[in-house]
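Chemist: Structure provided below as structure tokens; questions to follow.
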Amino acid sequence: MQGAHRLARIAAPFLVAVALLRGTPAHADSIAELTKMLSSSSDKARLSAVVSLARLNDRTALKPLVTALHDPNAQVRGVAAAALGRLGHKAALPALKAATEDPDESVRARAKAAAIAVAKANSLPDPFPAATPAAEATAQARKSGGRAGFGRQAHAVDNHPDLFITINTSADDSPGKADKTTRKVHSEILRQTLTASFKSQPMVTTIAADAQKWGLDPRHLDLSVTKLDVTQVGAMIEVEAQLRLAISDDSGKMLSFLSGGAKVQVPKGRFDARYLPNLRKEALENAMRGMFDKLLAHLRDRSQS
């Protein structure tokens, strides 16, 4: 009898594993519970949830893992990206490609590796093809100093930045009753997100010494939150962020403006007011990242005009 009990204890984990792999209702319930945990205000709880989802290796976990790519915590985003790569579902490819622009270097690397793995698993073209001859020629021209960019030095021997950016101010000017401390937190989120994005671009510098070395003319940015609303849309709670960027030269002359925004939604049934600061943070970060490529293109267009 003792031998039978011992055998049952040994076999139990394997029976659970088989049940999970077959997608039994218990497995579906596990995914549902883990998905709820992704809305926790605790970084540890969300990290635990995404690690558990990754271990399940079940394609029904695709949606919550894609959602986790936008988590405020870089560890959570990185685990989600790696898990999506192992799942190999082509529906995750657009989200993984977008995650290769994440401000965190490790998340970018995991997302790129995962996107390549998904493409291979589905016999799709390389999501990051090698540069075309024309693009390579442009890159070579930059290395040889053939393009002055924002600077005045037309001839250089090394690859170097072509944009010098300074963030003057960052503020939350959105309507509402948010206190000064909260508004300061929001403004700092914008500044940190944009600064991290600039650091990921070798052709951009925020260091005055580099700008002086390469003769780069500065462009000054003033960031502002113009809207940060929380509303109910059907069965979803939606957080919307709208931003405005003012661009000026070194003399203070206003050159142009850019605007953009982003929305974050969670089901009303899973909404927890304690997690609202993280949702606002996610909306602000997504809005800032979404404007980044447009900002760089805009600055370079103006430098050539």
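The values are calculated or read from the model by the stated rules, or taken from the named source; none is laboratory data. Note that the structure is predicted; figures quoted are calculated from it, not measured. Virtual Cβ from ideal backbone geometry, glycine too; neighbours counted across all protein chains shown. SASA here: full protein model, heavy atoms, side chains in, ligands and nucleic acids out. Shrake-Rupley method; radii C 1.70, N 1.55, O 1.52, S 1.80 Å.
Chemist: Condition (residue is touching a Gly at 6+ places or on another chain (Cβ under 7 Å) and at pLDDT below 90) applied to region 122-131: is it met by at least one residue?
Modeler: no
Chemist: Within region 74-104, work out how many residues are closer than 21 Å to residue 37 by Cβ, within 11 Å of the chain's Cα centre (by Cα) and surrounded by fewer than 18 Cβ atoms within 10 Å (Cβ to Cβ).
Modeler: Within region 74-104, residues that are closer than 21 Å to residue 37 by Cβ, within 11 Å of the chain's Cα centre (by Cα) and surrounded by fewer than 18 Cβ atoms within 10 Å (Cβ to Cβ) number 1.
Chemist: Quick check: anything in region 255-263 at pLDDT below 90 and closer than 17 Å to residue 167 by Cα?
Modeler: yes
Chemist: Give me the pairs, please: first residue somewhere in region 86-102 and on the phi > 0 side of the Ramachandran plot, second residue anywhere and part of a helix (DSSP H, G or I) and open to solvent by 30 Å² or more (accessible area, probe 1.4 Å), beta-carbon distance under 8 Å, and either six or more positions apart or on two chains.
Modeler: Pairs found: 88/117; 88/121.
Chemist: Pick from 177, 199: which is under 16 Å from residue 295 (Cα atoms) and loosely packed, with under 14 Cβ neighbours inside 10 Å?
Modeler: 199
Chemist: OK, next. Can you tell me which condition residue 265 does not meet? The list is (1) closer than 28 Å to residue 205 by Cβ; (2) open to solvent by 70 Å² or more (accessible area, probe 1.4 Å), and all the others hold.
Modeler: Among (1) closer than 28 Å to residue 205 by Cβ; (2) open to solvent by 70 Å² or more (accessible area, probe 1.4 Å), residue 265 violates only (1).
Chemist: List pairs: first in region 275-297 and farther than 15 Å from residue 69 by Cβ, second open to solvent by 30 Å² or more (accessible area, probe 1.4 Å) and not aromatic (Phe, Trp, Tyr), Cβ under 6 Å, 6+ apart or cross-chain?
Modeler: Every condition considered, the pairs that remain are 275/41; 287/261.
Chemist: Among the candidates 241, 273, single out the residue that is under 22 Å from residue 42 (Cα atoms) and of a type in the set (Gly, Ala, Ser).
Modeler: 273
Chemist: Regarding region 199-209, can at least one residue be identified that is touching a Leu at 6+ places or on another chain (Cβ under 9 Å), closer than 24 Å to residue 69 by Cβ and at pLDDT 90 or above?
Modeler: Scanning region 199-209 turns up no residue that is touching a Leu at 6+ places or on another chain (Cβ under 9 Å), closer than 24 Å to residue 69 by Cβ and at pLDDT 90 or above.
Chemist: Here's another thing I want to ask about it. How about region 105-131: which of its residues are closer than 25 Å to residue 198 by Cβ, without any contact (Cβ under 8 Å) to a residue 12 or more places away in the chain and more than 13 Å from the chain's Cα centre (by Cα)?
Modeler: Listed by number, the list holds a single entry, 131.
Chemist: Related question: Scan region 273-305 residue by residue and report those that are open to solvent by less than 50 Å² (accessible area, probe 1.4 Å) and of a type in the set (Asp, Glu).
Modeler: 282, 285
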